[in-house]
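Read the structure below first, then the notes.
The values are calculated or read from the model by the stated rules, or taken from the named source; none is laboratory data. Nothing here was measured: the structure is a model prediction, and the numbers come from that model. Using ideal geometry, Cβ is built from the backbone for each residue, glycine included, and neighbour counts are taken over all protein chains shown.
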Amino acid sequence: MILRISLLALILFSTAAHSRPEGEKRIDDLVKRIEALEQRVAEQERRIENLEQELKNVKKQSKQDPWQELRQGMRLTDVEQLLGKPSSIRTYRAFEFDYVYDTGRDGYGQGVVKFKDSRVTRWTPPSKQPRRDKETNSAGSSKSLQRTPTSGAAELYR
């Protein structure tokens with residue numbers, strides 16, 4: 001019985017000894033594969049970071065002021081696609097008119113696009129600065145400013 005146990009232990013030990021170098025080789029292969037995968041993941045993370053930065057740049061460009069994209073000679077429909085429908089339209093002569101864009105409650109001025117024969121001739125973008133509702137004179141008293149519907153376009157004719 002002791003001989004059997006010794007023989008069985010010897011067989012198991014020799015089998016384990018032979019499989020150990022093979023197991024170590026397999027472990028080494030697995031470690032190399034893991035390192036290669038880690039490198040690929042790091043490379044992919046760099047690529048994703050670069051793509052995210054490019055996307056941010058594209059978004060910044062797309063958020064540009066649409067008034068900067070206006071060009072002389074643009075058609076009426078192109079202006080409407082770019083800026084939307086105007087708040088009002090002022091007509092001067094048979095084929096001369098203005099599209100007036102009010103910027104709403106935020107207190108900014110009007111933008112005006114002038115057309116002749118349904119083509120852009122010139123424009124004035126809305127002010128980036130808030131409009132002042134009161135003006136202070138040198139004596140320190142304030143008076144309300146009178147605004148007319150055409151006050152935004154007055155600059156076009158100076």
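Out of Gln53, Gln64, Gln110, Gln68, one residue alone is surrounded by 13 or more Cβ atoms within 10 Å (Cβ to Cβ) and at pLDDT below 90. It is Gln110. Screening region 45-96 for residues that are small (Gly, Ala, Ser) and not in a strand (DSSP E or B) and picking the one that is nearest to Val120 (Cα to Cα) gives Gly73. The set of residues in region 113-132 that are surrounded by 13 or more Cβ atoms within 10 Å (Cβ to Cβ) and modelled with pLDDT under 75 contains only Arg131.
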